[in-house]
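> Pasting a structure below so you can have a look.
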Amino acid sequence: MPDFDEQFDIAVIGAGHAGCEAALASARMGLSTLVLCMDLDSVALMACNPSIGGTSKGHLVREVDALGGEMGLAADDCLIQMRMLNTGKGPAVHSLRAQEDKRRYHERMKKTLELNEKITLRQDECTRILVDSGRVSGIETALGAKYACRAVVICSGVYLNSRTHTGEFNRFGGPSGLSNSTRLSGSLTELGFVLRRFKTGTPPRVAGRSLDYSRMQPQFGDVPIPHFSFMTDGIERDQAPCHLTYTNEKTHRIIKENLDRSPMYAGAIHATGTRYCPSIEDKIVRFEGRDRHQLFIEPEGLSTDEMYVQGLSTSLPRDVQDAMLRTIEGMENCRVMRYGYAIEYDCIDPTELKAGLGSKRIPGLYFAGQINGSSGYEEAAAQGIYAGINAALYVKGEEPFILGRNEAYIGVLCDDLTVKGTNEPYRMMTCRAEFRMLLRQDNADLRLTEKAMRTGLISPARFDHLMRKKELIASARTALDRSVPADERLNALLESRGSSPVRGSVKLEALLKRQGISYTDLAGLFDLPDVGAEALEEVEVDALYGGYIKRQDDEIQKLRRLDGEKIPENIDFFAITNLRTEAKQKLSAIRPGSLGEASRISGVSPADVAVLSVYLKSREADTDGRNE
Amino acid sequence: MINNDTVFALSTPVGGAIAIMRISGPDARRALETVFTGRIEPRRISYGSVTDPDGSKIDSCCAVFFEAPASYTGEDMAEIYCHGSRAVAVRLTERLMSVGFLRPAEAGEFTKRAYLSGKMDLAQAEAVMDLIYARAERSRKAALGQLEGRLSAVISDLYSRAKIALAELANYLEDDTDEVSLDAPALKNRIEELGSGIRSLAANGMRSRILRDGARVAIIGSPNVGKSSLLNALLLRERAIVTPVPGTTRDTLEEDLAIDGIPVVLVDTAGICETPDTVESMGVARSRREAEDADLVLWLADGTRELSDGDREILGSLSGKRTVAVITKADLDSVFFPDDNGTFCSFPAVRTSAVTGEGLTALKKLVADNLLPGGTDGAEDLITNSRHISALEGAADSLSDAADALTAGNFDGAFFSLHEAMESLASILGKDDPTEDLVDSIFADFCMGK
């Protein structure tokens, strides 16, 4: 192709958390991959909080890892504190969160891209997606380069036509003083995508030495240090603490008195913000009854004194930020280093996408991360690896890699985005997953690693590790599958745990199902193999939740059956006379890929799905008939 | 949709001489083998009975089995021809439900299955879709009709209370900053309160069902306490409206009559085999089964002799059952009477004489009052759809599971059950995405952390 400067299999636009995973997936699947980033010093930039994980987000990181992604490994390498959260609440919400050294994380991830032979990492701005005969054929850049490629993954984050706001001041540009991308939006519009405007924000960063930690509550990491990656072998290092403090009536008064100077409240921003991670001004307005809000002081890294004020996201003017910070206990002499701001940016409507995050209209065009209306590093990384895998499979001419809602949070995330869409930056939550007792962070490898074998992203070491874990689980289960005589020692144990005594003999398995009885307890009395913490956790949680999970079996079967019934792409829903008008409109707008997706569109009733099913069957039979 | 489940439905109107129950799907043969005693051979009619799991007979009937694809639906299919009374139909339906691998067919489903398994030609596809569409329209209209006004308000209120309880729990579970605490005992109380509200609504639904379909009233008692006499006496006085139902007078005697405007199926447990050795235990077993099925039990005690051990055993089997105590043979010398507050063994009680007719009017009033407290006038058709009633009962069960899980500190389990309850209620309201409502509620009512 003489027109093109260079030729790649895949081009990834943007090298944030989505872009890095997409690029690594594509390259590790053997495809030559171009990664364009507007500023190579911002590869894998953590533009907001210096942490990775949290409830449901930690689940996503574990899943990315189980699929052979990088985020978990990088986060383990660069963590300065790690905690297992929600340990008192139940295994479905147990989640890891790491405080990260931002600079190291960026360097670690950038180097991983640099070292991959299949990746060309280049600083430039993508200005246009080239389409030939309806398919992606290449891209053009601001520097005038033209690259041929068969698939593009757009991971533009918050950089498309973005504008930042701090009080009355606003600037056309990206986060943290970086440039924005001004021409790609136009190319997307040209390709028929309707762009929307979303907004997010970040709190001020302050100088650590200006804070009085003695008046705050320190929060330390767990020891031994837990890790995200199933492949991390144990971490030994000193951890840095975070510090907890609170807003108070004085803080709230200052905010209320200056609301008219907030760009959101003054009407300068016309974008949709998040409800779950609201700015401090939103919290004060919406939860007026609360006399204080929690704030965490989190280090941005070990090589800097900058501290992130978690919980104080704001776009109020500079002087108001100074004043409100100084009302907070331990921050009376606080010196701001970077002021908080709100940022608005262009994104697409993700219902334009198929389950695998590829465009329904333009083969070869994939999207991942905030451009799809999501928020969060973890949500971005999860979509990144998913879109990267599917773009690579598309180039190779293979079937897409789709995870069901019953298989992974990634499945829930991408199904929610592509089928239901979102009217605000979408955040993962455990309550969005109907099979949340099954989709736990502890079993992400058991759920996903084998399934991902066909992508080629699973290293032999990772596979061996999984097989060992499965063997250990099996050996524990075998050992538990036997009856033991009820003796005094056993009944003494049961009594000490508030459990009723047994007579005759009893299955060990049945004892493990009891609340408060652990594998280790039983191993103290009976001959049980030492299987290690990971396998032990599986066996124990399964004993407790097996009943609930089984109760959802029928639902899972139904889901699989409906998701397995594909709807042809060229179907004309308006030609199906018996569908209700609302259903015809919704189905035509979203164009679901399967009956399962159709059934999850709001406004499509079970009767509509039944009609659709009969129509598809008759169409199938019709086609068969003609072929004969 | 591929049919790997097996469904059944009564394919004839209730009240004819013969009723046909159809079963279709891969487990049709197993279903027939489970409930029917006759020999099963494809396409051969066979005589036998439909029995309960303990072997006791529900009805004598004929049945035939069709092997796929030579059947109406093209699947394995069975048809049971039984007597046409409502009582038999109800018990046969319950029996088929109880086997565990069958579900009631949806309207039009047999036809749909026939089409899907290729038993109909393509021209009929449109007709089938019309059928589904018509059904959906009908149930939508029915749902709208039913959900207008007060019922809608009542269910919506229950739904939003379940949603708020779940949002509170979800917010606690989702929060990873230790900012949110949970008052588990208070939440548990709210869940229990909600559960009992839902249960009483379901009971209200039962009440509407009684008005529409009739109530089952069982006459239970030891031998020779006067069961048959009472039955006859009640029937005699209602002779004009008695409609004997053929085909049911085998082990039990069933009669339709109206008591104070309430349609009632009166079930007499007379005719049980009363061999001297086993009489008491069989009487108790029979009573237990009849009591389980009945909406109301008339427990008869012979007023002329002290309560026997058999009487006491029957009494024990009635605990928790809506019961009226009838002290019989009031025309003879009685050795006991109802207490001053009109009860006997803590059941509302009345003395009757089948000979003089004494107490029969009072008995009928007691029956009516206990079946429909507040009388027929106040019985507003709040809920009559049996799907709604069972959704409400399901929600109430889930709520009590949730309360138990909370007590045990099993928050994930509590979330699971509470979510189930919310979904049950959502299904009545026709809401297709309760999770979205939940997420909205979390954002609206709670301040999420990190």
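The values are calculated or read from the model by the stated rules, or taken from the named source; none is laboratory data. Note that the coordinates shown come from a computational prediction; the quantities given were computed from them, not determined experimentally. Counting neighbours? That spans all protein chains shown, and the Cβs are built from the backbone with ideal geometry, glycine included. Accessible surface is based on the protein model in full, side chains and every heavy atom, while ligands, DNA and RNA are left aside. Shrake-Rupley method; radii C 1.70, N 1.55, O 1.52, S 1.80 Å.
> So for the range B:69-77 (the condition being part of a strand (DSSP E or B) and either in contact (Cβ under 8 Å) with a residue 24 or more places away in the chain or over 13 Å from B:I23 (Cβ atoms) (or both)), does at least one residue qualify? Let's see the steps before the verdict.
Pass one, the range B:69-77, residues part of a strand (DSSP E or B): B:77.
Retained after the next criterion (residues that are either in contact (Cβ under 8 Å) with a residue 24 or more places away in the chain or over 13 Å from B:I23 (Cβ atoms) (or both)): B:77.
Looking for residues that are part of a strand (DSSP E or B) and either in contact (Cβ under 8 Å) with a residue 24 or more places away in the chain or over 13 Å from B:I23 (Cβ atoms) (or both), one finds at least one in the range B:69-77, hence yes.
> Same structure again: I'd like to check something: does the range A:247-268 contain any residue that is within 26 Å of B:N171 (Cα to Cα), touching a residue at least 12 places away in the same chain (Cβ under 8 Å), among the β-branched types (V, I, T) and within 13 Å of chain B (Cβ to nearest Cβ)?
Yes: the range A:247-268 contains one or more residues that are within 26 Å of B:N171 (Cα to Cα), touching a residue at least 12 places away in the same chain (Cβ under 8 Å), among the β-branched types (V, I, T) and within 13 Å of chain B (Cβ to nearest Cβ).
> Could I ask something else about it? Regarding the range A:199-221, can at least one residue be identified that is touching a Phe, Trp or Tyr at 6+ places or on another chain (Cβ under 8 Å), modelled with pLDDT under 95 and basic (K, R)?
Within the range A:199-221, one or more residues are touching a Phe, Trp or Tyr at 6+ places or on another chain (Cβ under 8 Å), modelled with pLDDT under 95 and basic (K, R).
> From the list A:E569, A:E597, A:E555, A:E565, which one is open to solvent by 20 Å² or more (accessible area, probe 1.4 Å), among the acidic types (D, E) and within 30 Å of A:G516 (Cα to Cα)?
Residue meeting the stated conditions: A:E555.
> Follow-up question, since we're still on this one. Restricted to the range B:87-114, and to residues that are at pLDDT 70 or above and facing another protein chain (nearest Cβ under 10 Å), which residue is nearest to B:D54 (Cα to Cα)?
B:E106
> Does any residue of the range A:80-92 turn out to be in contact with a helix residue (DSSP H, G or I) (Cβ under 8 Å, 6 or more places away or on another chain), over 25 Å from A:A23 (Cα atoms), of a type in the set (V, I, T) and within 14 Å of another protein chain (Cβ to nearest Cβ)?
No, every residue in the range A:80-92 fails to be in contact with a helix residue (DSSP H, G or I) (Cβ under 8 Å, 6 or more places away or on another chain), over 25 Å from A:A23 (Cα atoms), of a type in the set (V, I, T) and within 14 Å of another protein chain (Cβ to nearest Cβ).
> Is it fair to say A:V531 is crowded, with 18+ Cβ neighbours inside 10 Å and more than 13 Å from every other protein chain (Cβ to nearest Cβ)?
So A:V531 passes the test.
> Exactly one of (1) in a helix (DSSP H, G or I); (2) surrounded by 16 or more Cβ atoms within 10 Å (Cβ to Cβ); (3) free of Cβ contacts under 8 Å to residues at least 40 places away in the same chain is unmet by A:V502. Its number?
The one condition A:V502 does not meet is (1).
Conditions tested, residue by residue: (1) assigned to a helix (DSSP H, G or I); (2) in contact with a helix residue (DSSP H, G or I) (Cβ under 7 Å, 6 or more places away or on another chain); (3) aromatic (F, W, Y); (4) within 30 Å of A:G201 (Cβ to Cβ).
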{"position": "A:E398", "(1), (2), (3), (4)": "no, no, no, no"}
{"position": "A:L403", "(1), (2), (3), (4)": "no, yes, no, no"}
{"position": "A:I410", "(1), (2), (3), (4)": "yes, yes, no, yes"}
{"position": "A:C414", "(1), (2), (3), (4)": "yes, yes, no, yes"}
{"position": "A:N423", "(1), (2), (3), (4)": "no, no, no, yes"}
{"position": "A:R436", "(1), (2), (3), (4)": "no, yes, no, yes"}
{"position": "A:Q441", "(1), (2), (3), (4)": "no, yes, no, yes"}
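> Something else: Does any residue of the range B:354-363 turn out to be assigned by TED's automatic domain parsing to the domain that holds B:A291, among the hydroxyl-bearing types (S, T, Y) and open to solvent by less than 20 Å² (accessible area, probe 1.4 Å)?
No: zero hits.
> So, one more: Output the residues belonging to the range A:511-528 that are of a type outside the set (G, A, S), exposed (fewer than 13 other Cβ atoms within 10 Å of the Cβ) and in a helix (DSSP H, G or I).
Within the range A:511-528, A:T520 is the sole residue that qualifies.
> Turning to a different aspect of this structure: What about A:V609, is it in contact (Cβ under 8 Å) with a residue 60 or more places away in the chain, open to solvent by less than 30 Å² (accessible area, probe 1.4 Å) and either part of a helix (DSSP H, G or I) or facing another protein chain (nearest Cβ under 9 Å) (or both)?
The answer is no for A:V609.
> From the residues in the range A:302-316 that are assigned to a loop (DSSP other than H, G, I, E, B) and not small (G, A, S), which one is surrounded by the most Cβ atoms within 10 Å (Cβ to Cβ)? Explain how you work it out, then say what you get.
Going through the range A:302-316, the residues assigned to a loop (DSSP other than H, G, I, E, B) turn out to be A:302-305, A:311-316.
Next cut, not small (G, A, S) only: A:302, A:304-305, A:312, A:314, A:316.
Working: A:L302: 12, A:T304: 16, A:D305: 15, A:L312: 26, A:T314: 28, A:L316: 31.
Among them, the one singled out is A:L316.
Listed here are the residues, each with its yes/no results for (1) closer than 30 Å to B:E420 by Cα; (2) at pLDDT below 90; (3) within 14 Å of another protein chain (Cβ to nearest Cβ).
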site	(1), (2), (3)
A:L511	yes, no, no
A:L525	no, no, no
A:A543	yes, no, yes
A:K558	yes, yes, yes
A:E569	no, yes, no
A:A575	no, yes, yes
A:Q585	no, no, no
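> Sticking with this one: Search the range B:15-44 for residues that are closer than 15 Å to B:R95 by Cβ and pair each with any residue that is part of a loop (DSSP other than H, G, I, E, B) and open to solvent by 50 Å² or more (accessible area, probe 1.4 Å) when their beta-carbon atoms are under 6 Å apart and the residues are at least 6 apart or on different chains.
Listed by first residue and then by second, the contacts come to B:R22/B:S11.
> Here's a follow-up. Condition first: open to solvent by 10 Å² or more (accessible area, probe 1.4 Å), in contact (Cβ under 8 Å) with a residue 60 or more places away in the chain, of a type in the set (A, V, I, L, M) and touching a strand residue (DSSP E or B) at 6+ places or on another chain (Cβ under 6 Å). Can you find one or more residues in the range A:23-32 that meet it?
yes
> Would it be correct to say that A:E298 is outside the structural domain of A:S375 (by TED's automatic domain parsing) and either in a helix (DSSP H, G or I) or over 30 Å from A:R104 (Cβ atoms) (or both)?
No: the conditions fail for A:E298.
> Still on this model: Only one of these conditions is not met by A:R209: (1) open to solvent by 60 Å² or more (accessible area, probe 1.4 Å); (2) assigned by TED's automatic domain parsing to the domain that holds A:K57. Which number is it?
(2)
> Moving to a separate point now. Can you work out which of the residues in the range A:127-161 that are within 25 Å of the chain's Cα centre (by Cα) and farther than 19 Å from A:A25 by Cβ is surrounded by the most Cβ atoms within 10 Å (Cβ to Cβ)?
Ranking the qualifying residues of the range A:127-161, first place goes to A:Y159.
> Which members of the range A:175-219 meet the condition of being within 29 Å of the chain's Cα centre (by Cα) and among the aliphatic types (A, V, I, L, M)?
Once the filter is applied, which keeps residues that are within 29 Å of the chain's Cα centre (by Cα) and among the aliphatic types (A, V, I, L, M), the range A:175-219 yields A:L178, A:L184, A:L188, A:L191, A:V194, A:L195, A:V206.
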